[in-house]
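The values are calculated or read from the model by the stated rules, or taken from the named source; none is laboratory data. What you see is a predicted model, and the numbers here were worked out from it, not measured in a lab. For neighbour counting, all protein chains shown are included, and Cβ atoms are generated from backbone atoms with ideal geometry for every residue, glycine included.
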Amino acid sequence: MEKIIEVHGLQKSFGKVQAVCGIEFCVERGKLFAFLGPNGAGKSTTIDMLCTLSRPDGGSALIDGYELGKEDGQIRKSIGVVFQDSMLDPLLTVRENLMTRARFYGMGRRELRAAVRTAAGTADVLEFLDRPYGKLSGGQRRRADIARALVHTPKILFLDEPTTGLDPRTKEGVWRTITELQRRTGMTVFLTTHYMEEAAAADHIVLLAGGKVAAMGTPYDLQERYSSDRLCVKPKKKDEFVEFLIERGVPFTEKAGVFTMKLRHTVDALPLLQQAGDRVESFEVLHGSMEDVFLNLTGGTFQEVDGDA
Amino acid sequence: MLNFTQRNLKVFFRQKSAVFFSLLGVILVIGLYVLFLGDVWIRNFPEIQGAKGLMGTWVIAGIVSITPVTTAMGAFEAMVQDRSRKLNRDFLASPVQRWKLVGGYVFSAYLVALLMSLVALALGELYILSCGGKVLASGALGKTLLILPLSTLASSTMVFFFVSFFQSPAAFSTASTVIGTLIGFLTGIYLPLGSLPEAVRWVVKLFPVSHAGALLRQVMLEAPTAECFAGAPEAAVRDFQESMGVLYRYGDFTAGPFTHVLVLLGVSILFFLPAWWNVSRKKS
C-alpha cells in the first residue's frame, strides 16, 4: 500500500510543555485514518504541524511526497482542512465564502464555479448556499466548512474533531457525509476525534496519549490487543456458582447478581459454560470495545495540556 | 490579492454598524461645529464678510483630512479580528502567498478610507451649501480629488503601522477610540493652530496627518479666502492663514504644497515598510 503521509520523530513544545514528543506513523492513501486521544494528547498540535500552520521543533514529515517545511506551498495545494472552530466569514453567504477561498488555489473563472458547485454538492450545502454563514445551524456550518475544505479537491482531507459540539443527530449526519465522501472519492481522510464510535469506523487508528503514540493499528487489532472479551453470567443460585468458580480458580467480579469474567479469547467462554451447565440462568459474551482500548491505554494520563487548540 | 481585498471589503460593508461608526466621527465633528464651535470662531472675525462659508470650508477640509485615519482604523479591524478569531489559519493553510494576504488587508483599508473621505467631502460640501457658502470650483475640486488618494495613502499606512502591533480586538478598539479623539486635536481641526500654545503648535505641525490638512486647506480655502479678504492687506491674509493652519511656518521656513506632498509620500514609505515587516514575520 502506498503511503501518503509519513511522519518521523515529529516534536513540538510550547514553552516547557512538550505537546508532541517524537511521534512516528504513516497514513495509507485512500484510507480513513483516525487520530484518537484524550484532550491535550497533542492531536491538534500534530494536525497544525502537518497543515503547515506551525513549525515542528524536530522530526520530519512527508505529505503526498512533499517535505514538510521545505515544500509547504505544494503541501497546501494537496490538503484541505476542516478546523475545530468555524473558519468562514459569518456575514458572507456560503457561496461567497467558497468562491473567496477557491480563488486561493488559482483557478480560472469557469473552473471556479464548477469547483464550488461540486464541493457544495458533495458536502450537501446546496440548500443553504446563498444564506449567510453566520445564520446557519451548527450542523449546516460544519458542512459548509467541509465544502470549503473540498473546494480544490484535495488529496488529503484533515478534519480536526469534526463532530465535537454537535447534537447526536447532526453529528451522525456530518459523520455520514464524511464517510460517504471518503468511500466515493477515495480521498485520504485524516481525522482527530475522541469519540470511540468514530474511531472504530476508521481503517487505521493511532492512539495518542501525552504527546506519544500509545498504540496503532486497525480498530480490530487494537481491540484484540488492548481490550478483553467478557463473559457475564447470571446464575440460578449464587452460592453454588461462586463455589464452582473458586473450584476452577476463575477470577470474577460480581455486581447485582451478575458475574463478570475476563476471557483471553472469545471461545474460552464455551468450555466454562459447558461445565457450569444448568447452574447458569442466562449469559452474554461481550466483545472488547474501543472504549476499553481507550481507557486501558490512556488510563491515568488524562491531564489537560495547554496548547491543544 | 484582489480576491482577498474583495473579501475584506465585503466583510466590512456587510457590517452596517461598522460602516456607520466609521462615518460617525465625521458626522460628529460637523455636528459639533454646527452646534457650538462655529459661532465661537466666527465671532473672532466680525469684520470679515462671508466668514461663515470660509470657516465651514476650513472645518470640512480638516475633517476630510482625518477621515482616512478613523475609517482605515475601522477597516483594519478585520485584520485584528481575523487574527484573534484565528480565521487566518484557514488562509495560512492555503497556497496563497503571505504578501497577498497582507496586501489584501492594506489595499481594502485604503479603498475604504478613500471612499469614506470622498463621502466626507460630499457631506461637507452639502453642509457648506446649506449654510450659504459656495461649493468648490471645478479647479479646486480637481486638485482636492488628487490630494485625497495621497493623503489617504499616508494616513492608511500610518494606521497600518499602528495596527500591526495589536493582537486583541478589545485593546485595538480602545486604542482606536483614543486615536479617534486625539486625532482632531493633533491635526488642529477642533481648535485652530493659532489658539494653541507654542509647544502644541509644534506637535501639530510635525504630525504627518496635519500635512494632509494643510494641503487640503490651501486648496479648498483659496477661493473663499480671496473673497473674504478682498482688499485686505497681504499681512492680514497671511496672519489668518498661519493662525488657521493653512500655512505652517517652521522658524523661517514656510511649507508650501510641494513640501506637504513630499512629507505625505515620505511618511507613507516610512511607515509602510516596518508595518509590512511587522505583520509578515508573525506566524499565525
Subject >> Only one of B:Leu136, B:Leu121 that is touching a residue at least 60 places away in the same chain (Cβ under 8 Å) and touching an Asp or Glu at 6+ places or on another chain (Cβ under 8 Å) >> reply: B:Leu136
**OP:** Tally the residues that are surrounded by fewer than 24 Cβ atoms within 10 Å (Cβ to Cβ) and β-branched (Val, Ile, Thr), restricting the search to the stretch B:61-82.
**Re:** 1
Subject >> Residue match in the stretch B:247-264 (condition: more than 30 Å from B:Ala93 (Cβ to Cβ), among the aromatic types (Phe, Trp, Tyr) and touching a Lys or Arg at 6+ places or on another chain (Cβ under 9 Å)) >> reply: yes
**OP:** Sort out which residues of the stretch B:70-114 are assigned to a helix (DSSP H, G or I) and among the basic types (Lys, Arg), and write them in order of number.
**Re:** B:Arg83, B:Arg89, B:Arg98, B:Lys100
Original post:
What do you reckon, is B:Trp58 among the aromatic types (Phe, Trp, Tyr), surrounded by 15 or more Cβ atoms within 10 Å (Cβ to Cβ) and either within 14 Å of chain A (Cβ to nearest Cβ) or under 18 Å from B:Ala223 (Cα atoms) (or both)?
Top reply: yes
Original post:
From the set of residues in the stretch A:81-94 that are more than 9 Å from chain B (Cβ to nearest Cβ) and either under 27 Å from the mean Cα position of the chain (by Cα) or basic (Lys, Arg) (or both), which is surrounded by the fewest Cβ atoms within 10 Å (Cβ to Cβ)?
Top reply: A:Gln84
Subject >> the stretch B:5-37, residues that are within 15 Å of B:Gly104 (Cα to Cα) and buried (at least 19 other Cβ atoms within 10 Å of the Cβ) >> reply: B:Thr5, B:Arg7, B:Asn8, B:Leu9, B:Val11, B:Phe12
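Let's see how each residue does on (1) touching a strand residue (DSSP E or B) at 6+ places or on another chain (Cβ under 9 Å); (2) within 24 Å of B:Arg281 (Cβ to Cβ); (3) assigned by TED's automatic domain parsing to the domain that holds A:Leu208:
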| site | (1), (2), (3) |
| --- | --- |
| A:Lys31 | yes, no, yes |
| A:Ala34 | yes, no, yes |
| A:Ala41 | yes, no, yes |
| A:Thr45 | yes, yes, yes |
| A:Ile63 | yes, no, yes |
| A:Leu92 | yes, no, yes |
| A:Thr100 | no, no, yes |
Subject >> Residue within the stretch B:128-140 that is in contact with a Pro (Cβ under 8 Å, 6 or more places away or on another chain) and outside any helix (DSSP H, G or I) present >> reply: yes
**OP:** Would you check if A:Thr188 is at pLDDT 85 or above and in contact with a His (Cβ under 8 Å, 6 or more places away or on another chain)?
**Re:** no
**OP:** Specify which of the listed residues (B:Val209, B:Val204, B:Val178) is touching a helix residue (DSSP H, G or I) at 6+ places or on another chain (Cβ under 7 Å), part of a helix (DSSP H, G or I), free of Cβ contacts under 8 Å to residues at least 60 places away in the same chain and among the aliphatic types (A, V, I, L, M).
**Re:** B:Val204
**OP:** Restrict the check to the stretch A:159-181 and report whether at least one residue is in a strand (DSSP E or B) and within 30 Å of A:Arg103 (Cα to Cα).
**Re:** yes
Original post:
So is B:Arg281 within 14 Å of another protein chain (Cβ to nearest Cβ) and free of Cβ contacts under 8 Å to residues at least 60 places away in the same chain or not?
Top reply: yes
Original post:
When the residues of the stretch B:12-60 are filtered to those that are charged (D, E, K, R) and at pLDDT below 75, which remaining residue is farthest from B:Met79 (Cα to Cα)?
Top reply: B:Glu47
Original post:
Hey, any hits in the stretch A:129-149 for a residue that's within 12 Å of another protein chain (Cβ to nearest Cβ), touching a residue at least 24 places away in the same chain (Cβ under 8 Å), farther than 22 Å from B:Gln81 by Cβ and hydroxyl-bearing (Ser, Thr, Tyr)?
Top reply: no
**OP:** Take the residues in the stretch A:66-77 that are more than 9 Å from every other protein chain (Cβ to nearest Cβ) and touching a residue at least 12 places away in the same chain (Cβ under 8 Å), then tell me which one is surrounded by the most Cβ atoms within 10 Å (Cβ to Cβ).
**Re:** A:Leu68
**OP:** Scan the stretch A:18-38 and give yes if some residue there is more than 26 Å from A:Tyr220 (Cα to Cα) and free of Cβ contacts under 8 Å to residues at least 60 places away in the same chain, otherwise no.
**Re:** no
Subject >> Among (1) within 14 Å of chain A (Cβ to nearest Cβ); (2) without any contact (Cβ under 8 Å) to a residue 60 or more places away in the chain, the one test that B:Arg83 misses >> reply: (2)
Subject >> Looking only at the stretch A:95-118, and only at residues there that are small (Gly, Ala, Ser) and within 14 Å of chain B (Cβ to nearest Cβ), the one that is farthest from B:Phe4 (Cα to Cα) >> reply: A:Ala115
Subject >> Members of the stretch A:251-299 that are within 30 Å of A:Ala34 (Cβ to Cβ) and either assigned to a strand (DSSP E or B) or β-branched (Val, Ile, Thr) (or both) >> reply: A:Thr260, A:Lys262, A:Leu263, A:Thr266, A:Val267, A:Glu284, A:Val285, A:Leu286, A:Val293, A:Thr298
**OP:** For the stretch A:95-111, name all the residues that are surrounded by fewer than 18 Cβ atoms within 10 Å (Cβ to Cβ) and at negative phi.
**Re:** A:Met107, A:Gly108, A:Arg109, A:Arg110, A:Glu111
Original post:
Among all residue pairs at least 6 apart or on different chains, which show Cβ distances below 7 Å where the first residue, located in the stretch B:256-269, is in contact (Cβ under 8 Å) with a residue 24 or more places away in the chain and the second is of a type outside the set (A, V, I, L, M, F, W, C)?
Top reply: B:Pro257/B:Gln218; B:His260/B:His211; B:Val263/B:Pro208; B:Val263/B:His211; B:Leu264/B:Ser151; B:Leu264/B:His211; B:Val267/B:Pro208; B:Ser268/B:Thr157
**OP:** Go through the stretch B:166-182 and give me each residue that's closer than 21 Å to B:Ser65 by Cβ and surrounded by fewer than 22 Cβ atoms within 10 Å (Cβ to Cβ).
**Re:** B:Ala175, B:Thr177, B:Val178, B:Ile179, B:Gly180, B:Thr181, B:Leu182
